[in-house]
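Down below is the structure, laid out as structure tokens.
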Amino acid sequence: MNQTTIDRRRMLAGTAALLGAAHTKIAAGQSTVDTSPGHVAEPERQTPVTRKCDVLVCGGGPAGVSAAIAAARTGASVQILECHGCLGGVWTSGMLSNVIDADKPGFNAELIRRLDEANAQYGPIGIRPATWLSYMYDVETMKWVLESLVAELNIGVQLHTRVVSVKLDESKRIRGVFTESKSGREAWLADVVIDATGDGDVGALAGCRFQIGDGATDDDCPCQPMSLMGVISAEPELLHKYTRAGSSDGKHKDRFRAEIERGGYKPSYTKPTIFHMGGSIASVMMNHEYGVRPDDAAAITQATLRARNELNRIVRGLQTLPEWKNLRLVATGEQIGVRDGRRITGRDQVTVDDVITGHQRAESVCTSGFCVDIHAIKKSDGGYGNRGIKAKPFDIPMGALIAADVDNLMMAGRCISGDFIAHSSYRVTGNAVAMGEYAGVAAAIASRDKVAPHNVAYEKVDNELQAIREKNRPSS
């Protein structure tokens, strides 16, 4: 049995796990594909290796960029693969426009400083609990700041590139990934791979176990809804009026919904929100797309088209009102915001019990201080809620960032190992940044010491990361 046959078997096994396909057959050292109607057999191919590095980061969003920067600062050679046209993920191509639960040391604090130096940080947002910080930022400047940092550290970046398969060896160790892009099919090899895709694409392709939503099955998706962000312009006083900072009773979202309905449209999201960035610019979250699986490209496409249509119809309805006549929809996100993706099974897990008890961990990568924030699974459920669960600050353990089923694979961001309730708190991007830092340092040490990440002592990772943070702390 040659290596090509092994790799192809692994690829097909991962695809079967991902799609639940019954047509993939692997037997007696040979892989065959059912060529019955509806299936096409692809010829085997030799794929060129584009790069071999120490740490390969799949996904250039908040978790991925943070992981890449931390790994490079630890001394590793690093490559980022990103499917969109910029770094930043939901921050930029998703136009999220705000960072939540960012009251943390390290790159969270550094990023606030760098955005502030670029006159692009507008926080904190409204009135928030003392245990966490959120702030607004300029999307275009965020792209530039992240890309400048990556360039300073000589981190390799390839945009417009999607991971489509993984390379596993006979011992279930990930050795790299295969991608598709304008350059065709390419192979990227590394000592350690970090899945920072948000939706756990790499882990799923590797055949790892995962969960989606609140106990989702192959035919169902009790997932939090998706939302497409937009940026609008209007009179500053008008925008301020419908924000938390401009409201004395906290009912600004209800009043904004009433305005939208007065314009003749009933929004899919019952708590439409304006995030005022100062002047005449604000970002808006005004839609919910319910029951869309994060692993169904056709469904996500239709959700995106519906959401963009809804944003345009809301704005056009508001423009018929005298107060809103100068309102403009400036831009919508390149990607729809996904709240519920795959959660890859790790060597440890974050659970609802951790949230309720405020569980502190000896091997903590960060503390989630955010509330339980479950956006309605069905429109009839209302806007969002916490299912009666009051979160206490809880720790995310290192083991939740390390895949259980495949060696040399780590996760960072919302695809780490956790249950539905815990995920509804830790999924915000301030936590993703801190997870990325620990994953990046752990991956770099594992590569340097020629061991798997689960064999790297937490204390070694923590000590090295604290040294990196101290070195990059601004001088007073």
Could you grab the relative contact order for the chain? Cα pairs under 8 Å, six or more apart, rounded to a whole percent. 20
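About the Cα centre of the chain, what is the dipole size in debye to 20, counting +1 per Lys and Arg Cβ and -1 per Asp and Glu Cβ, all else neutral? Before the final figure, lay out the partial values.
Working: 55 positive and 56 negative charges, 136 e Å.
Approximately 660 debye in magnitude.
DSSP loop (so not H, G, I, E, B), at most 15 other Cβ within 10 Å: list which GluC sites (Glu not before Pro) in segment 296-387 pass both filters.
On the way: sites: E310, E323, E334, E363; in loops: E334, E363.
Taking segment 296-387 and a limit of 15 other Cβ atoms within 10 Å, the loop GluC sites (Glu not before Pro) found are E334.
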Counting only protein heavy atoms and rolling a 1.4 Å probe, one gets per residue an accessible area for segment 434-476 in Å² of 49
Give the accessible surface of segment 307-362 per residue, rounded to a whole number of Å², with probe radius 1.4 Å and ligands, DNA and RNA excluded. 47
Can you list which of the GluC sites (Glu not before Pro) found in segment 44-151 are DSSP loop residues with at most 13 other C-beta atoms within 10 Å? E44
Can you compute the modelled spin-label distance between D220 and N472, with each label point 7 Å from Cα toward Cβ, in nm? 4.3
Only sites in a loop by DSSP and with at most 15 other Cβ atoms within 10 Å count here; which trypsin sites (Lys or Arg not before Pro) in segment 365-398 make the cut? K378, R387, K390
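Subtract the Cα-Cα distance of K52 and A297 from 0.36 nm times their separation in residues, and report this length gain in nm to one decimal.
Details: separation 245, 0.36 × 245 = 88.20 nm, distance 2.97 nm.
Separation in residues times 0.36 nm, less the Cα-Cα distance, equals 85.2 nm.
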Y290: accessible area at probe 1.4 Å, nearest 10 Å²? 60
Relative to the longest principal axis of the chain, what angle (0 to 90°, nearest 10) does the C-alpha long axis of helix 3-19 take? 30
Tell me the label-point distance for the pair S148, E235, using the 7 Å Cα-to-Cβ offset, in nm and rounded to one decimal. 3.6
Enumerate the lysines that K271 could reach by cross-link, defined here as Cα to Cα under 16 Å, with residues fewer than 8 away along the same chain left out. K241, K251, K253, K378, K379
Nearest 10 degrees, 0 to 90: helix 107-117 Cα axis against the chain principal axis: 50
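Report the relative contact order of segment 44-117, percent, no decimals, based on alpha-carbon pairs under 8 angstrom and at least 6 residues apart. Could you put the intermediate results ahead of the total?
Details: 71 pairs, mean separation 18.6, N = 74.
RCO, segment 44-117: 25 percent.
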Would you mind telling me the share, in percent, of accessible area of segment 381-474 contributed by carbon and sulfur at probe 1.4 angstrom? 48
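What net charge is computed for the residues neighbouring I69, neighbours being all others with C-beta under 11 Å from the C-beta of I69, Lys and Arg scored +1, Asp and Glu -1? Present the calculation step by step, with values, prior to reporting the outcome.
Numbers: positive: R73; negative: E110, E152, E437.
Once positives and negatives cancel, what remains is -2.
Net charge around R313, counting only other residues with Cβ within less than 13 Å of its Cβ (Lys, Arg = +1; Asp, Glu = -1)? Could you put the intermediate results ahead of the total?
On the way: positive: K266, R306, R308, R316; negative: E261, E310.
Net of charged neighbours comes to +2.
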Degrees between helix 252-262 axis and first principal axis of the chain (Cα, 0 to 90, nearest 10): 80
Determine the sum of side-chain charges near S424: Lys and Arg each +1, Asp and Glu each -1, restricted to other residues whose C-beta is under 12 angstrom from that of S424. +1
Rounded to the nearest 500, what is the 222 nm mean residue ellipticity of the chain from helices alone, with -39500 (n - 2.57) per DSSP H run of 4+ residues and division by all residues? -9500 deg cm²/dmol
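What FRET efficiency comes out for the pair K172/N463, r = Cβ-Cβ distance, R0 = 30 Å, nearest 0.05?
After rounding to 0.05, the efficiency reads 0.50.
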Average accessible area per residue (Å²) across segment 176-224 - probe 1.4 Å, nucleic acids and ligands excluded: 35
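For segment 250-316, give the percent of accessible area contributed by carbon and sulfur heavy atoms, probe 1.4 Å, rounded to a whole number. Write down the numbers at each step before the final one.
Details: 1440 of 2810 Å².
Percent of accessible area from carbon and sulfur atoms in segment 250-316: 51.
The values are calculated or read from the model by the stated rules, or taken from the named source; none is laboratory data. This is a predicted model, so every value here is computed, not measured. Cβ sites come from the backbone with ideal geometry, for glycine too, and all protein chains shown count toward neighbours. Calculation scope for accessible area: heavy atoms of the full protein, side chains included, ligands and nucleic acids excluded. Shrake-Rupley method; radii C 1.70, N 1.55, O 1.52, S 1.80 Å.
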